[in-house]
Amino acid sequence: MINTNPTEKSLSIVKSAFREYYFKHSKNIEAPLRIEEREFGYMQFGSGMVRHIVFRNVGEILAVLVRDIPSDVYCSNAYYVFPSYPMQEKQWKGADLIFDIDSKDLCLSCEPTHSYFICINCGKISESKSEICLSCNTRRINRTSIPCNKCIHTLKKEVERLIDLLSGDLGIKEDAIQIYFSGNNGFHVHISDTEFHKLGSQARADIVGYLMGNSVMVESIGVRKGPEGFFIKFPKSGLAYGWRKRIACELGISQSSILKLSKMVQQKGGYDEFRTELIKTVRDLGVRIDPHVTIDIHRVFRMAGTLNSKSGLTKKRCHDLKSFDPLNDACLLGDKEIDMEIKARVKLRLKGQIFNLKKQNTRLPMYAAVYLICKGLASAN
Amino acid sequence: MYFYSSLGYLLWILSIKLGTGDLAKYPFLNEASNYIRDTHFDFEELNRPEIEHIIYRAAKKIDVEITKGIIYEELEKYEVEILTFLITLIMVKSIGLELVLKKHSLLEAIRAEKFLIEDLKREKNQQKRRLLLFKIFEDLFKFKVDIDSENHQLFKVKVTDYLERAVQFHEQEWKLINRLVHKGYVYLDADETVRLIRSELSTLIYNRVKSMTFSSLPKAIKSRVDELSIKFKPMYEVRRIYTTTDYPPCIKHALDVMAIGENLSHSGRVMLATYMLAIGKSVEEVSALFHKAPDYNEETTRYQVEHLAGSRGSRIKYSVPSCKKLLNENLCFATEKCNGIINPIQFGRNK
């Protein structure tokens, strides 16, 4: 939802831009598979979430979009027998497997250079991290960020690493992997392979652990605790694939390197020290996804083709990740000029235009105006 | 990699058969049931004198399992094993104690597991190994297992099939990351592959007993059942009385919170309800515990407790959360008395 409390005029501009988008770009709305078995929900500007809704086709969704102009539209990853019933009575049938890669989880070094801290109480904006508002002393601070090219490049690299693991290790075919720009600072990776639909939360948590490189045991590469500290006995299934191969490459060992691995463990100081270091190495090699998103089998996700009220950008399918530019390809609002008051120094690239703004009154195209209102960094005059 | 067209695979399966030795080791197979049917075995025949030693054997098997908690190792010829299997099921059903049924089902599964591991490791005939995999994994549990083409001592299972089963195990070695995973398959040795179906085998035997119906018990079996019932009943009653009188600190804390009408988290409520149900409290008694909760609603509470008790929804009775899980959710208030337990339900049992 929009950062901080926008003025009535700003809200009206955003709503009007969203209305125009849903009228002009209705073809962008992607009907999810098995639509009638899904739960839908949406947020309205200035009010709460409406959930447990059922649509039978994309036409019914569009009717709501143009009638209610929701700020955000969601659809369940799960399939239910009774999707409109209260949660405990829906009767879960399965759920899409979805991964979320968000810049907040990547701990990027550039992040502080384009982050803003906005007081929800008085609207004061600070460019440096602060727990308390220096203007009104409240602790209600919202953080917002304008992704830079480096953020987008790193996010895309992380998506590629995720896809390598999904296809190489888990055997998911490329045509069963759909990549979406989330509409703000990340990517969603949807898996349409029905084999994975039946998996419960625990099984999904195990997949998450696998991808993130959590809970690795040194025994899986042959280092075992013994009466004299440790000994090496490689697993019967070998080191040829998956994480074992990745670790073996990292350490420069193979199934015949008993002495080499033994020396390596000794050099690190023994079993415990080697274990500690290996756990860290594997975590560093893992993919940085948001675990909660994948594990939750009753979650509602932003619907593809709808707008994200944190930015005014569209959640959009990336058919070619390499060439996809979210700040251009997902920026689909109009360019009618709007009088704006910019509340902080902002450098922004949208639709191929670079905006170097300082605190000032200026005219901006609709897409940039909405983006800055949603981020809480500008108001309509 | 082995590949069969579905028709070719079917023809191949039909062309080879299990031996009688296999039916002795795996009397739960459909072929063993067919054997009983084909011999026109009648329920009344259980009273015949030549069956007496099999009835004695079945009673001994159950006694060893329940009193010693170990599997019955002895393996007889197939006619004896198939009948022993059938008679133990009748006896366990007639004893009528849920915990006896669960223990027998589990130990029967572990027994078959032991034979299957040996067969998969020692059998040189690849067709025979594949047939066993097909008959036990695929035929009974729709779980496809293949032999690795490069290393015949390894078996490959689909990642999703693996995950569905391995999540029941708490040991870290079963986490996917500690397995050899490649192109959608997990590679396992015989012990690991067979371990994956223990729970399903146990459930298969449990369900066989549950679905049995017979109006009266043959006399020859009844006397053995009576002896076993007298022996087993006190064993399972003592435990129940003990656990209801001594609550673990996490449960005491939850009861204290509820007693003063303060809010207990959702996880805390699940813990309290599953614990109380596990020690034998009724749905009514458990629902009443929540009546002081700030958001108490009689109908909703009852509905949710019934769900946890397995009488609604998925029909699966929920287990009491582990101590590790409770610790993560800030619901653990362990004292010295907890003494290394891993689930609140074990509290006080080792005294």
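What the table shows:
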{"quantity": "Inter-probe distance in nm under a simple model that places probes 7 Å from Cα toward Cβ, at B:HIS291 and A:LEU33", "calculated": "5.1"}
{"quantity": "Other protein chain Cβ atoms within 10 Å, averaged over every residue that makes up A:166-173", "calculated": "5"}
{"quantity": "Relative packing of peptides A:15-24, A:305-314 - highest average C-beta neighbours within 10 Å first", "calculated": "A:305-314, A:15-24"}
{"quantity": "Sorted by Cβ neighbour density within 10 Å, fewest at the top, the residues B:HIS253, B:HIS170, B:HIS53", "calculated": "B:HIS170, B:HIS53, B:HIS253"}
{"quantity": "Other-chain or far-sequence residues with amide H under 5 Å of A:GLY171's (modelled H)", "calculated": "B:LYS183, B:GLY184"}
{"quantity": "Per-residue Cβ neighbour rank within 10 angstrom, fewest leading, B:SER202, A:SER220", "calculated": "B:SER202, A:SER220"}
{"quantity": "Cα-Cα over 27 Å, subset of A:LYS173/A:LYS351; B:LYS77/B:LYS231; A:LYS245/B:LYS144", "calculated": "A:LYS173/A:LYS351; B:LYS77/B:LYS231"}
{"quantity": "B:GLU227/B:ILE110 FRET efficiency (R0 25 Å; Cβ-Cβ; nearest 0.05)", "calculated": "0.50"}
{"quantity": "Residues whose placed amide H lies under 5 Å from that of A:ALA378, excluding near-sequence neighbours", "calculated": "A:LYS343, A:ILE373"}
{"quantity": "Exercise: per-residue mean of other protein chain Cβ atoms within 10 Å, A:191-201", "calculated": "2"}
{"quantity": "Kirkwood-Stokes translational diffusion coefficient of the protein assembly as shown, alpha-carbon pairs, 37 °C, 0.692 mPa s, µm²/s", "calculated": "108"}
{"quantity": "Sparse-neighbourhood loop sites, trypsin sites (Lys or Arg not before Pro) in the range A:70-135 - DSSP loop, at most 14 other Cβ within 10 angstrom", "calculated": "A:LYS129"}
{"quantity": "The range A:232-274-the range A:292-317 distance, computed between alpha-carbon centres (Å)", "calculated": "41"}
{"quantity": "Listed residue (A:LEU307, A:LEU333, A:GLY269) projecting farthest to the positive dipole end of the range A:260-381, Cβ model", "calculated": "A:GLY269"}
{"quantity": "Loop-located GluC sites (Glu not before Pro) in the range B:254-286 whose Cβ has at most 12 other Cβ within 10 Å (DSSP)", "calculated": "B:GLU262"}
{"quantity": "Rounded to 10°, Cα long-axis angle of helix A:258-268 versus longest principal axis of chain A", "calculated": "60"}
{"quantity": "Over chain A: helical MRE at 222 nm, DSSP H runs n ≥ 4 each giving -39500 (n - 2.57), nearest 500", "calculated": "-9500 deg cm²/dmol"}
{"quantity": "Over chain B: helical MRE at 222 nm, DSSP H runs n ≥ 4 each giving -39500 (n - 2.57), nearest 500", "calculated": "-17000 deg cm²/dmol"}
{"quantity": "For the range A:218-285: relative contact order, % (alpha-carbon pairs under 8 angstrom, 6 or more apart)", "calculated": "29"}
{"quantity": "Which of A:LEU372, A:LEU166 has the fewest Cβ neighbours within 10 Å, and the rest in rising order", "calculated": "A:LEU166, A:LEU372"}
{"quantity": "Exercise: per-residue mean of other protein chain Cβ atoms within 10 Å, B:186-195", "calculated": "2"}
{"quantity": "Relative packing of peptides B:211-221, B:327-337, A:276-286 - highest average C-beta neighbours within 10 Å first", "calculated": "A:276-286, B:327-337, B:211-221"}
{"quantity": "Rounded tilt (10° steps) of B:98-122 against the dominant C-alpha axis of chain B", "calculated": "40"}
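No value in this document is a laboratory result; all are computed from the given coordinates. Because the structure is a prediction, the values reported are computed rather than measured. Glycine gets a Cβ as well: all are built from the backbone with ideal geometry, and neighbour counts include every protein chain shown.
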